Amino acid sequence: MPGSESGQPQSDGTRLPSFYSPRPSARTPSHSDRDFEQPDFSLSGRNPASSTTAEEHDGGSPLASARAATPLTQPPPASLLSPAFTPPATPGTVTPSSAGAAGSLEPRGIPVDSSIPTGGCGSKQPRLLETLPQVECIVRARIPTTTGAEMFLHLYTNNVDNKEHLAIVFGGNIRSKSLDAVREGETEMDRLVRGAYTGRLYPGRTTSGLSTPAPDAKAAATSAGSVPGVHPAAGGAPPLVRIHSECYTGETVWSARCDCGEQLDEAARLMSLPSNQAGGIIIYLRQEGRGIGLGEKLKAYNLQDLGNDTVEANLLLRHPADARSYGLATAMLLDLEQSEVRLLTNNPDKIRAVEGPHREVVVKERVAMVPLSWKGRGGFRAPEVEGYLKTKIEKMGHMLDMAALPR
Ligand SMILES: Nc1nc2c(ncn2[C@@H]2O[C@H](COP(=O)(O)OP(=O)(O)OP(=O)(O)O)[C@@H](O)[C@H]2O)c(=O)[nH]1
């Protein structure tokens, strides 16, 4: 893992096993660079309707085997292009339009600028609260994962709800200000136990390694203050960031109604690539069911089985189509000392909302989350998830090209 505190040998990311367990496709990953390519979402003005299809992208045969392994029981939706799909050129930026030698292993970003109408973030302006919530990271721990990659799980509290929102941090240079801040009366062992240490823990370690503040600085330190001598990652590209909303069904009980589990796993995979020197953060928000909760989401599923799409089902239950907010994510990113990010999303509303009321965090690039099955790279296919994605594109302005959906 790049820049990891782990000190473990870096494995070849192309050989990492999949993060995604329910992958029915029999296809073995090719381990070639093209496995990491994204469809060309360039700003160069090429006709999106003639976008490279997944078939062209992957040479046909792997997709054919994936398709054979996961046949569709229903015809796929008609080819459809989101109006927000092709963002016009952002002044002063160059879009990677093809995978170069160095770029081929990297997720491909599209420059975005939410401060201008043509910046590739859709047209709606979210209503944001004037003030960001207060957040505090109360504990952090190293999590070795089943893929061999390692991450640090940060658990946050806040002043707006009682939920345990999380930051999953890849790479050793991203630190939480509130975690590192000295707490009144705490011992070095207290700091070790709550994860406010540098490097790695080992049996017998007694000091946190964080600089001890001078008495006057210590008095001034608050839970939101920073520890002198601790600095965020220096310079370089902004980290990859995914703002992920909880989805028990998609992440835990293998639901094929949505691609939430796949997106979580793919975000983690991209962030753990050895080529990703900037590190990565998954902000995991406990806003299940787009904010309506699991019980209401299950009712929505029944309404979907009765013939309604995902938006209609929410509205029939007297919920908004999307009841989420992202102020906590903005505050957590700031606590992790990130003011610029590369955001993994297809959702234009999320881009502007995450930036905060005064653009406290700026999204410099958007990295599209294209379903793996559309790219012939495994994943899964089901009529439910295709209906879910179609509704996102048609009704919620998601920037995905349904024309790339394999037939
Ligand atoms: N109400 C409702 N929520 C759903 C449904 N399917 C998934 N969800 C929820 O939608 C949320 C997933 O959204 P995200 O993964 O953040 O994705 P997004 O904002 O739609 O867009 P991307 O960033 O492009 O993925 C989770 O909270 C899921 O529980 C559904 O049918 N109805």
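The values are calculated or read from the model by the stated rules, or taken from the named source; none is laboratory data. Everything numeric in this text was worked out from a predicted model, so none of it was measured. Positions of Cβ are backbone-derived with ideal geometry, glycine not excepted, and every protein chain shown enters the neighbour counts. Surface areas here come from the heavy atoms of the whole protein model, side chains and all, with no ligands, DNA or RNA. Shrake-Rupley method; radii C 1.70, N 1.55, O 1.52, S 1.80 Å.
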Surface accessible to a 1.4 Å probe, GLU296 within the full protein complex, Å²: 40 Å²
Whichever lysines have a C-alpha closer than 21 Å to that of LYS375, once near sequence neighbours (fewer than 8 apart) are set aside: LYS390, LYS392
Partners for LYS364 among lysines (Cα-Cα distance below 19 Å; same-chain residues under 8 apart left out): LYS124, LYS350
Largest to smallest accessible area among TYR248, TYR284, TYR202 [probe 1.4 Å]: TYR202, TYR248, TYR284
Most to least accessible of HIS319, HIS165 (protein chains only, probe 1.4 Å): HIS319, HIS165
Cut-off 13 Å between beta-carbons: net charge of the residues surrounding GLU337, Lys and Arg +1, Asp and Glu -1: -2
SER123/THR146 FRET efficiency (R0 56 Å; Cβ-Cβ; nearest 0.05): 0.85
Extension reserve of the LEU317-ASN302 stretch, reckoned as 0.36 nm per residue once the Cα distance is removed: 4.3 nm
Rg/Rh for the range 242-380, where both radii come from Cα atoms and Rh is the Kirkwood radius: 0.98
Charge dipole of the range 326-401 about the Cα centre (unit charges at C-beta), most positive-ward option of LEU333, HIS358, GLY379: GLY379
Rounded accessible area of TYR197 (nearest 10 Å², 1.4 Å probe): 10 Å²
Lys, Arg +1 and Asp, Glu -1 on Cβ, resulting dipole of the range 233-390 about Cα centre, debye, nearest 20: 220 debye
Rounded accessible area of SER245 (nearest 10 Å², 1.4 Å probe): 10 Å²
Förster-model FRET efficiency, 22 Å R0, LYS163 and LEU192, C-beta, rounded to 0.05: 0.25
Computed log₁₀ I(q)/I(0) - Debye formula, equal Cα scatterers, no solvent, the range 277-340, q 0.12, 0.22, 0.26 Å⁻¹: -0.43, -0.83, -1.02
